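Since every read-out is calculated from the coordinates, none of them should be taken as a lab result. All values derive from a computational prediction rather than experimental measurement. Cβ placement follows ideal geometry from the backbone for every residue including glycine, while neighbour counts extend to all protein chains displayed.
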Amino acid sequence: VKPGKFAYLRANCAEEVLGAMHQFGDDLAVLAGGQSLVPLLNMRMAQPSVIVDVNGLPDLGFISVDGSLSVGALVRQKRLENDPVVAATAPLVAEAVRHVGHPAIRSRGTLGGNLAHADPASELPSAMVALGAEMVALGADGERTIPAGEFFVTHYTTALHQELLVGIRIPVAEESTRSAFIEVARRRGDFALVGVAVVLRLDGSNKCRDARIVLSGVSSAPHRATEAEALLEGEAMSETLAAEIQNAVERSVEPGSDLHASARYRTRVSGVIARRAVARCTRGQAA
Ligand SMILES: Cc1cc2nc3c(=O)[nH]c(=O)nc-3n(C[C@H](O)[C@H](O)[C@H](O)COP(=O)(O)OP(=O)(O)OC[C@H]3O[C@@H](n4cnc5c(N)ncnc54)[C@H](O)[C@@H]3O)c2cc1C
């Protein structure tokens, strides 16, 4: 469990990172919190010949609100968990991040590193898709914005191409916005067997608008249960609707089996936790 040989570069500005990306291409890995990259290096599942440490970049630790909530890629997960601005404007993020590993991991792990790593069982990618967030990527041609729904391509693969993820823009929750994150893991701190992020808006008569139901751990990337979302549109919660949502979610997923859980179990859990998360969002209504 020792990494192969690599050259270590500590970047002081984004231009240095982009220069190195241009020079070394796929043979380079960016080091943020190291909580995913370092284990991969130690197991030699990643063997880049160059590592660029971005922790010295001065401008990627911001949290600000200007129409949307903007979070720098280097913001540590621990800070997201405790930041009052995040709690007020994107409570789903504060809730989901608490399920990421253990406190020591969240103290080093960054938001950008978590999203760029794109683990299909990870919590924050699903939360970002549910929230309709946008990723801000910096490349040789400048910045571009990638909707979260297009950012996560497949297992450990994002839409980034020789680009640095510099920030994430998240729509600010309105008064009518409700959200919930629920996961089932074998132990606290483990990756989820299945997780679900739900965001919906309620109108004045408690009917649902713009429902998003996004699952982790059931596909190669965050999975939107669009049929279940459509069932909610314009409806108030009821026992019948809750059961229909559960069924629609279960029909929409095709998870795999592994040592930790069978596909059948994951399918069932998907429906049950989606139903519970929607019920939490519409609390006070039958579910
Ligand atoms: C025991 C353990 C349990 C864990 N449990 C969970 C869990 O339950 N849920 C979960 O989601 N995660 C979990 N993790 C992973 C953890 O959340 C990591 O912090 C996170 O996945 C990676 O963030 P990082 O900042 O450490 O990134 P790093 O490990 O430094 O990098 C991860 C990847 O992203 C790339 N990268 C990093 N930053 C950028 C950037 N700004 N632009 C472009 N590419 C970039 C790197 O090159 C690398 O490929 C766990 C880790 C451990 C060790």
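Provide the three semi-axes, in whole Å and in decreasing order, of the ellipsoid equivalent to the stretch 224-287 as defined by the square roots of 5 times the Cα gyration tensor eigenvalues.
One finds semi-axes of 24, 12, 8 Å for the stretch 224-287.
Pull out the extension gain between T154 and V1, defined as 0.36 nm times the separation in residues minus the alpha carbon to alpha carbon distance; nm, one decimal.
Gain in length upon complete extension: 52.4 nm.
Over its Cα atoms, what ratio of radius of gyration to 2.2 N^0.38 Å does the stretch 1-113 give?
Rounded to two decimals, the normalised Rg is 1.17.
Okay, helix-only estimate at 222 nm for the chain: each DSSP H run of n ≥ 4 adds -39500 (n - 2.57), divide by all residues, round to 500 deg cm²/dmol; what do you get?
-10000 deg cm²/dmol
What is the magnitude of the charge dipole of the stretch 207-287 about its Cα centre, with +1 placed on the Cβ of each Lys and Arg, -1 on the Cβ of each Asp and Glu, and no other charges, expressed in debye to the nearest 20?
The calculation lands at about 280 debye.
Which whole-number percent of Cα pairs in the stretch 75-226 have a distance greater than 21 Å?
It works out to 42 percent of all Cα pairs.
At 7 Å along the Cα-to-beta-carbon direction for both T145 and A243, put a label point, then send me their distance in nm to one decimal.
With each label point 7 Å from Cα toward Cβ, the separation is 4.3 nm.
Note down the magnitude of the dipole of the stretch 1-115 about its Cα centre, charges +1 on Lys and Arg C-beta and -1 on Asp and Glu C-beta and zero elsewhere, to the nearest 20 debye.
Details: 10 positive and 10 negative charges, 121 e Å.
Computed charge dipole of the stretch 1-115: roughly 580 debye.
Placing +1 at every Lys and Arg Cβ and -1 at every Asp and Glu Cβ, with all other atoms neutral, what dipole size does the chain have around its Cα centre, in debye to the nearest 20?
That gives a dipole near 1180 debye.
Along Cα→Cβ, 7 Å out, is where each label goes; now give me the distance between the ones at E16 and D53 in nm to one decimal.
Taking the two extended label points, one gets 1.0 nm.
Going highest first, how would you order 256-263, 15-22, 62-69 by mean Cβ packing within 10 Å?
15-22, 62-69, 256-263
Over the Cα atoms of the stretch 142-268, each weighted equally, I'd like the Debye log10 I(q)/I(0) at q = 0.09, 0.19 Å⁻¹, rounded to two decimals.
The computed values of log10 I(q)/I(0) come out as -0.32, -1.19.
So how many Å³ per residue does the convex hull of the Cα atoms of the chain work out to? Provide the component values of the computation, followed by the final result.
On the way: hull volume 35.6 nm³, N = 287.
Each residue corresponds to 124 Å³ of Cα convex hull volume.
Could you work out the relative contact order of the chain? I mean the mean sequence separation of Cα pairs under 8 Å and 6+ apart, divided by the number of residues, in percent.
Rounded, it is 14 percent for the chain.
Can you give the Rg to Rh ratio for the stretch 183-253, taking only C-alpha atoms and Rh from Kirkwood?
Dividing the radius of gyration by the Kirkwood radius yields 1.02.
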